[in-house]
Each structure stands twice: as structure tokens, then as C-alpha cells.
Amino acid sequence: MASQGTRAPRSGETVVLLGTKRGLFMLRSHDRVEWECVPAGLESTHVYNATLDQRGGRQRIFAADNGDFFGTFLRYSDDFGQTWQEPERGIQFPEESGLSLNNIWTIEPGRRSEPDVVYVGVDPASLWVSEDAGVTWSLNAGLAQHPTREQWNPGAGGLCLHTIVPDYAHPERMWVGISAVGCLRTDDNGQSWQFMNKNTRAGFMPDPYPEFGQCLHRMTQSPTQPNVLYQQNHCGVYKSEDGGENWIDIQRDLPSEFGFPIALDPGHPDTVFVIVEEPMGRFNVGENFTVYRTQDGGESWQPLTNGLPHGPGVRLGVLRHGMATDSHESCGVYVGANTGQLFASTDAGENWRVIADYLPPIYSVSVAVIE
């Protein structure tokens, strides 16, 4: 499968991959001031997620190619979208399972110590793993055969496993997020899974604090304190300081408990960014499109609006994978709206500008600095 080719990004350049309703786009810049935006293939499909994996000496883009008519596929490219390949053994449920693949939701490269390991989360909620850099895939049986699985219910987007967090400090430990099931953790490399939802609320259920049934929207791990996690939930923003055993409500004065994306500054991991929305309309609260930032691990929040749209007609939404940060010393933050704009800040959210516009609705944003 070929795409319109251009030169590959050079070492030191910042690359932003945008999964959209009509294909994959790539932005690149050597200074984060001037940006070039080019299509990177898969034009006729919904790309829910894409990521650049630079481990093991590769520069391999993985993309979730979710088609309306011709099926759902994982694809990968080793030439920045000029050509695309499919796995030799892809993501396909055994016939006896009675399950069929609806959508691929997330692609997560494994730990640096395991450069050939890649994970994928799909609907119906299941975890898939490749140990050969995406060429062949197998189903994680521990999660697929979880004893409560028949009681799991979908969220509005389906029964989707949308977040995968391999613990960089404990090679047997990993967290996943499922809508609307919540957070699960394995401590034995996926053989068994335990719910990690204590103190997270499911206000839409008769029991607002069930063992499972929460609608976790997105989750991230501190790069310096492996037991510290943050999540954006259907019902609030939460922090855990003990690997998910307990969660602390850090919503505080945020104007809504509902939101999708969450990201942190890798160089200052107490700095976390969220976007909250009107829960029914799923767009900005009030007339300002706003990114919120905490610099003290959730003790307080500041609204960031300088350069972002405002006015009575502003109705922007951001999906769960629609925000990402880069690894530069002055943190870049990138926010993709479901109306086709990509907003960027190069100073940890203080100032914003549009670096791409008139795109299809943006499903996902991921960022890499070329090694």
C-alpha cells in the first residue's frame, strides 16, 4: 500500500503523527516554529491511533486502520508512510471465541529493554502482543479469560481497551484502561489481572464505587516515580501514588468532571495537562477553549487560554488520544480537535497557536523527536 512520499525526517526533528477520520498525517519541524504537514497514507480509513517506534534501531510507524467496509487492520511503515505493510499474522480472534474485531484503539511500544515487544488494545476489550516488532500477534489469554468478563459493559465508544501502560520499573507489571470497565493491573506479565479502581467514581451506576464498571478515559505514568499514575475519567481526574491500589480525586476546581485526554511534561512530571468538557455536548465549558495545567501534582489547576479560540460560537472537542507532549526541555504540548485543528505550545502551555488546520476530525496525536 503506497502513499505520496517525501523525505524522511532528520535527526533532531520533531514529528507529530495525527490519526484522523480520513487517514494519517505527519507534521515535522526542526525548530517547532515552522511546520510541514503531509499526508502519510491510509487516506480512506479511520486512523484511531498511530505511533513511531524508534527502539532497536528502527523507525517504524504503526497505525490502526479502521475501515467502514473492508475491515480493521494493523499496518506498519518503515519509510514514514511511503509504503505500508500488514503483519504476517495479524489481530484475529480464534473462530471458537465467537468474537470479531471491531476497532483497533491503541498501539503501545513496549519497554526499552524489550525492543521487539509491541502491544495493541482493541474492541472487544482485549490485549494483543507482538514479540517480533509487529510481524506476528497473539492474544493475551489472562485478560481474555478474566472471570468477570461476561459482566463487562461497553461505553459509548464500545467495549474498548484504549490505554496500555507497561511499567518501565517492573517488567512483570502493566496497567490497561477499558471503557466501561476501568483500570486493571497485572503483576505476572499478563497471566492474571486485578481491578485497580478503588475510590474512582462511576456516578452513572447505582453503586457509584463498584469494583469495576468505571469509565476510565485515559491514563499515564510518571517517568520518574513508577507508582504515580494519573487518569482522566468520565467522573473526574484522579492520581494514584501506589501503583493504582488507591486513587485520589484531584479534580478540585476544574469546571467539569468529564474529559478525555491527559498528558504530562516528561521533564517536570508533576506538571500534568487535561482538557475538560461539557459532558452532554462534549465540547469546551464556557466560551473559551481551555487546556488546564497543574504544576504541583494535582494540588491546584491553572486555565491556559492564550492563543486558543474563544467566543460564543466556539464548540471544540478533544478525544481521548487527542493530546500529547514532547521531550524537549521546554515542553511542547499538542492538542488535536475533532474539528480538524492542531494547536501547539512550546512553553508548557503558556502560549498556543494553530500549526495545522482544515484537517479531518483528529482522533489521535503522538509526538517523537527523531533519534
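Quick note: the coordinates plus some simple rules give every number you see, no bench work behind them. Source: prediction; values computed, not measured. Here the Cβ positions follow ideal geometry from the backbone for every residue, glycine too, while neighbour counts run over all protein chains shown.
Of the conditions (1) under 21 Å from Val47 (Cα atoms); (2) in a strand (DSSP E or B), Gly134 fails just one. Which one is it?
(2)
Identify, please: which residue in region 232-247 is surrounded by 20 or more Cβ atoms within 10 Å (Cβ to Cβ) and out of contact with any Lys or Arg (no Cβ under 7 Å at 6 or more places or on another chain) and is, among those, nearest to Gly157 (Cα to Cα)?
Applying the filter and picking the extreme gives His234.
Name the residues in region 131-147 that are surrounded by 17 or more Cβ atoms within 10 Å (Cβ to Cβ) and within 25 Å of Leu216 (Cα to Cα), would you?
Leu139, Asn140, Leu143, Ala144, His146
Can you pull out every residue in region 34-58 that is on the phi > 0 side of the Ramachandran plot and either part of a loop (DSSP other than H, G, I, E, B) or in contact with an Asp or Glu (Cβ under 6 Å, 6 or more places away or on another chain) (or both)?
Once the filter is applied, which keeps residues that are on the phi > 0 side of the Ramachandran plot and either part of a loop (DSSP other than H, G, I, E, B) or in contact with an Asp or Glu (Cβ under 6 Å, 6 or more places away or on another chain) (or both), region 34-58 yields Gly41, Leu42.
Considering each of Phe80, Phe93, Phe62 in turn, give the residue that is buried (at least 19 other Cβ atoms within 10 Å of the Cβ), in contact (Cβ under 8 Å) with a residue 40 or more places away in the chain and assigned to a loop (DSSP other than H, G, I, E, B).
Of Phe80, Phe93, Phe62, the one residue that is buried (at least 19 other Cβ atoms within 10 Å of the Cβ), in contact (Cβ under 8 Å) with a residue 40 or more places away in the chain and assigned to a loop (DSSP other than H, G, I, E, B) is Phe80.
Suppose the filter is within 19 Å of Glu131 (Cα to Cα), out of contact with any Pro (no Cβ under 7 Å at 6 or more places or on another chain), crowded, with 19+ Cβ neighbours inside 10 Å and of a type in the set (Lys, Arg); does Arg75 pass it?
It is true that Arg75 is within 19 Å of Glu131 (Cα to Cα), out of contact with any Pro (no Cβ under 7 Å at 6 or more places or on another chain), crowded, with 19+ Cβ neighbours inside 10 Å and of a type in the set (Lys, Arg).
When you scan region 238-260, how many residues do you find that are assigned to a strand (DSSP E or B) and either closer than 24 Å to Ala169 by Cα or free of Cβ contacts under 8 Å to residues at least 12 places away in the same chain (or both)?
Residues in region 238-260 being assigned to a strand (DSSP E or B) and either closer than 24 Å to Ala169 by Cα or free of Cβ contacts under 8 Å to residues at least 12 places away in the same chain (or both): 4 in total.
Considering region 154-207 alone, what residues qualify as being surrounded by fewer than 20 Cβ atoms within 10 Å (Cβ to Cβ), in contact with a Phe, Trp or Tyr (Cβ under 8 Å, 6 or more places away or on another chain), in a loop (DSSP other than H, G, I, E, B) and of a type in the set (A, V, I, L, M, F, W, C)?
Hit for region 154-207 is Leu159, nothing else.
Among the numbered criteria (1) under 23 Å from Met323 (Cα atoms); (2) part of a helix (DSSP H, G or I), which one does Arg111 miss?
Status for Arg111: all satisfied but (2).
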